[in-house]
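**Student:** My questions will all concern the structure given below.
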Amino acid sequence: MEYRRLGRSGIVVSDICMGTMTFGSQCDEKLSHQICDTAYDAGIDFFDAAELYPVPPSADHFGVTEEIVGRWIKTKPRETVIVATKVTGPGHGWFKPPVRHGKTALDRRQIVQACEDSLRRLDVDYIDLYQTHWPDHGMPYEEVLGVLSDLRDEGKIRTFGASNETSWGMMKACWAADVCELYRYETVQNNFSLINRRCESELAQVCRQENLSLLPYSPLGGGVLTGKYQDGPPPGARFTAYLNGDAERQKRMAQRFVNDRTLETTRRLIEIANDIGTTVTALAVAWSRQHDFVASTIIGATSLEQLDESLAAKDLILDSETLDRIDQIDFEIPNPMTEDGLRRL
């Protein structure tokens, strides 16, 4: 395990982060705590949550993940756990968040309320990394950053970041922070994987030049890069439920991840993994870790066996020949995920 700084902040984290969005839905509290213990013992000190979790979002269950994570944190020295969580952004007309009766916004009142609620559910005095779950490009960045800066000055958060943000949004936020003399985003948490390599272009350059850290989520392509969808949607899998369900938004999201191009990409990656004596799961996580603009790659698990597969990547370094073979797949099947959802923002 390596440890890297989050942007220009004082926070250094393990380069693998434990994602928790399944805690309280696919994972009960006992299993969730076992997953956290196993990750912690492997050297992971970074745990990512959100007020909206677990998924799929539900008005009856939002916030449960934070409560489960908070009770687990009590079993460890607080300073040894770097905890991240998120405030829900606006629905943008295509999604009604089951938080605050669907009237979510990134204004002062809601950000402060969301932070206080997360502190209460996590039962901690401070949040290490507080993130906007997705942006509102109609809201002036100086207003959002102003509230987050105040929360940092009050000691309620140590630093803050964005999620599901565009390259334009990150640069606009950096500009607003400089002009208005506010603290700035130090991280951006976006979808990034071997079936969605868009971050390697514009966003990577933003991160490098502005000293920001990318926190990739879905490095396994929502489970596609484990190979479990190769013979058809497996029972019990998240995208199987989305594909067979009635929610149009979730169905469209699943179709971005599970399609002929992503499955063919995965088939070829499985061949590479077999050739170097590892799994495609470990290959995908290791590939994400080897980018210079990535601070920590967020993994998820619904079982200890799944977690072990991802943890196999913590000491795996892909050589140049393997990276070249991976790049050849990208050359032949560019952008297998037709889009990543950011265009709707």
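**Student:** Quick check on this structure: which one of 7, 43 is among the small types (Gly, Ala, Ser), part of a loop (DSSP other than H, G, I, E, B) and either in contact with a Gly (Cβ under 8 Å, 6 or more places away or on another chain) or open to solvent by less than 10 Å² (accessible area, probe 1.4 Å) (or both)?
**Tutor:** 7
**Student:** Sticking with this one: What single numbered condition from (1) outside any loop (DSSP other than H, G, I, E, B); (2) over 18 Å from residue 298 (Cβ atoms); (3) open to solvent by less than 50 Å² (accessible area, probe 1.4 Å) fails to hold for residue 79?
**Tutor:** The single condition residue 79 does not satisfy is (3).
**Student:** Output yes when any residue across segment 247-262 is farther than 29 Å from residue 160 by Cα, open to solvent by 30 Å² or more (accessible area, probe 1.4 Å) and either in contact with a Lys or Arg (Cβ under 8 Å, 6 or more places away or on another chain) or aliphatic (A, V, I, L, M) (or both), and no when none is.
**Tutor:** Within segment 247-262, one or more residues are farther than 29 Å from residue 160 by Cα, open to solvent by 30 Å² or more (accessible area, probe 1.4 Å) and either in contact with a Lys or Arg (Cβ under 8 Å, 6 or more places away or on another chain) or aliphatic (A, V, I, L, M) (or both).
**Student:** Go through the residues of segment 218-235 one by one and say whether even a single one is within 15 Å of the chain's Cα centre (by Cα) and of a type in the set (A, V, I, L, M, F, W, C).
**Tutor:** Yes, that holds for at least one residue.
**Student:** For segment 58-76, how many residues are among the polar types (S, T, N, Q) and crowded, with 17+ Cβ neighbours inside 10 Å?
**Tutor:** Qualifying residue count for the region: 1.
**Student:** Could you list, in sequence order, all residues of segment 221-241 that are touching a residue at least 60 places away in the same chain (Cβ under 8 Å) and among the hydroxyl-bearing types (Ser, Thr, Tyr)?
**Tutor:** 226, the sole residue that qualifies.
**Student:** Restricting to segment 135-188, name every residue that is outside any loop (DSSP other than H, G, I, E, B) and among the polar types (S, T, N, Q).
**Tutor:** 149, 159, 163, 167, 187
**Student:** If you don't mind, there's one more thing I want to ask. For the subset of segment 180-211 comprising residues that are under 25 Å from residue 140 (Cβ atoms), out of contact with any Ser or Thr (no Cβ under 7 Å at 6 or more places or on another chain) and among the acidic types (Asp, Glu), which member is surrounded by the most Cβ atoms within 10 Å (Cβ to Cβ)?
**Tutor:** Selected residue: 210.
**Student:** Of 8, 100, which residue is more than 24 Å from residue 302 (Cα to Cα) and touching a residue at least 24 places away in the same chain (Cβ under 8 Å)?
**Tutor:** Of 8, 100, the one residue that is more than 24 Å from residue 302 (Cα to Cα) and touching a residue at least 24 places away in the same chain (Cβ under 8 Å) is 8.
**Student:** Hey, another quick one. So, residue 240, is that one open to solvent by less than 60 Å² (accessible area, probe 1.4 Å), among the hydroxyl-bearing types (Ser, Thr, Tyr) and modelled with pLDDT of 95 or more or not?
**Tutor:** no
**Student:** Working only within segment 50-76, note down all residues that are out of contact with any strand residue (DSSP E or B) (no Cβ under 8 Å at 6 or more places or on another chain) and in a loop (DSSP other than H, G, I, E, B).
**Tutor:** 55, 56, 57, 58, 59, 60, 61, 62, 63, 74, 75, 76
**Student:** With respect to residue 305, determine if the residue is under 30 Å from residue 27 (Cβ atoms), free of Cβ contacts under 8 Å to residues at least 24 places away in the same chain and open to solvent by 70 Å² or more (accessible area, probe 1.4 Å).
**Tutor:** Here the answer is yes, as residue 305 does meet what is asked.
**Student:** Further question on the same structure: Scanning segment 272-331 for residues that are farther than 28 Å from residue 11 by Cα and of a type in the set (A, V, I, L, M), which turns out nearest to the chain's Cα centre (by Cα)?
**Tutor:** Taking the candidates together, the pick is 280.
**Student:** Can you confirm whether residue 119 is in a helix (DSSP H, G or I), over 30 Å from residue 261 (Cβ atoms), in contact with a Cys (Cβ under 8 Å, 6 or more places away or on another chain) and not β-branched (Val, Ile, Thr)?
**Tutor:** When the stated conditions are applied, residue 119 does not pass them.
The values are calculated or read from the model by the stated rules, or taken from the named source; none is laboratory data. Please read all numbers here as calculations on a predicted model, not as lab measurements. Cβ: placed from backbone, ideal geometry, glycine included. Neighbour counts: every protein chain shown. Ligands, DNA and RNA are excluded from the accessible area calculation, which covers all protein heavy atoms including side chains. Shrake-Rupley method; radii C 1.70, N 1.55, O 1.52, S 1.80 Å.
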